[in-house]
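Have a look at the structure below before the remarks.
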Amino acid sequence: MRAEISFGKSLIGILFVGLAAASCTTTSKPAGTAANTKTKQGQAAKVTFNYTAKDRECLQRAMYFESQHSDEDGYMAVGTVVMNRLTSGAYPTSICGVVAQKRQFAPGVMTREVKPQAETELATAADAILVKGARHPAVKDAMFFHTDGLKFPYDNMHYVTVAGGNAFYEKRDSNGMLETPPPLPSYEVAMNYVPGESMLPPQFEALIPSAVPVPLPAPDPMATASTGQMRITAPVTAPETSPVTSVEPDPGMPIAIPIPRPAYDSVMLRESLPTNGG
């Protein structure tokens, strides 16, 4: 009798331990699943910026002329400033737009000659930025710089590094907060190459139905250089009774309708330093 009771207690003990172990196993799985879900939700999507061969050239020009034809360290520092401006939302939405913005970068940056001996190193630096997402680590969030050695009596110039003969700085208020919209970190930016020399910004993406003819004024002998560069690739008809020709676009051909962009009163990089607080 005692043996049967002892055996019964042992059997109950074994069942209890087994249930406890099963209980521990089932409760640990949902916790692991929740952790994995949280990790997936925390992965933010990258912001994609398109660039063309012309944008790549503009980036190289800024790096070359603003770094005083120095070296890769100077090139990467200036290139990082260009990318910081591009991704901040406070400057033009293309690399060429940033570099060509008036009174921001070196005079003649878009027109002067780049020496052939510098092209290989410039191409390496540009590809590191555009293809590999590289940045100069010491530049941080800086979007401004001036020639090293100059001094300005402003409290909002927070210097971060010196490279290529330039002193790079962020604009911060008395509390240490950035006075400009912060740029996106490189790991949140994806650069997408688009073949072609130029691109239409998003506000120009408007289409006219192909059934509607587009009037084309007769050539003006007083036309400026900018209008003289316009090329018409669609069929053109010129009725004898009408002094105005017309273009009938191919079906589905996109036609851009320019929409004026609001002017952005940005802080000038070099020429405004003595008057605008750096």
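Here are a few things to note about the model shown:
- Extending 7 Å from Cα along the Cβ direction at residue 147 and again at residue 120 yields two label points whose distance is 3.1 nm.
- Judged by the mean number of other Cβ atoms found within 10 Å, the most tightly packed of the peptides 153-159, 66-72 leads the ranking 66-72, 153-159.
- Protection proxy ranking of 87-95, 109-117, 139-147 - average other beta-carbon atoms within 10 Å, highest first: 139-147, 87-95, 109-117
- Three-way shape call for segment 42-125 based on the alpha-carbon gyration tensor, with the a/c threshold at 1.5: prolate
- Segment 103-157: C-alpha gyration tensor shape, a/c 1.5 cut-off, then a/b vs b/c: oblate
- Using the average count of surrounding beta-carbon atoms within 10 Å as a protection proxy, the listed peptides 56-65, 73-82 rank, highest first, as 73-82, 56-65.
- Each residue, residue 179 and residue 48, gets one label point 7 Å from its Cα in the Cβ direction; the gap between the two is 3.7 nm.
- A 1.4 Å probe run over segment 57-106, with the rest of the protein chains in place, finds 29 Å² accessible per residue.
- Annotation: for a label point projected 7 angstrom from Cα along Cα→Cβ of residue 68, residues of segment 122-150 with backbone N closer than 11 Å are 147-150.
- Counted charge near residue 127, where neighbours are those whose Cβ lies closer than 13 Å (Asp, Glu -1; Lys, Arg +1): -3
The values are calculated or read from the model by the stated rules, or taken from the named source; none is laboratory data. This is a predicted model, so every value here is computed, not measured. Here Cβ is always computed from backbone atoms with ideal geometry, including for glycine, and neighbour counts include all displayed protein chains. Ligands, DNA and RNA are stripped out before the accessible areas are found, and what is left, the full protein with its side chains, is counted by its heavy atoms. Shrake-Rupley method; radii C 1.70, N 1.55, O 1.52, S 1.80 Å.
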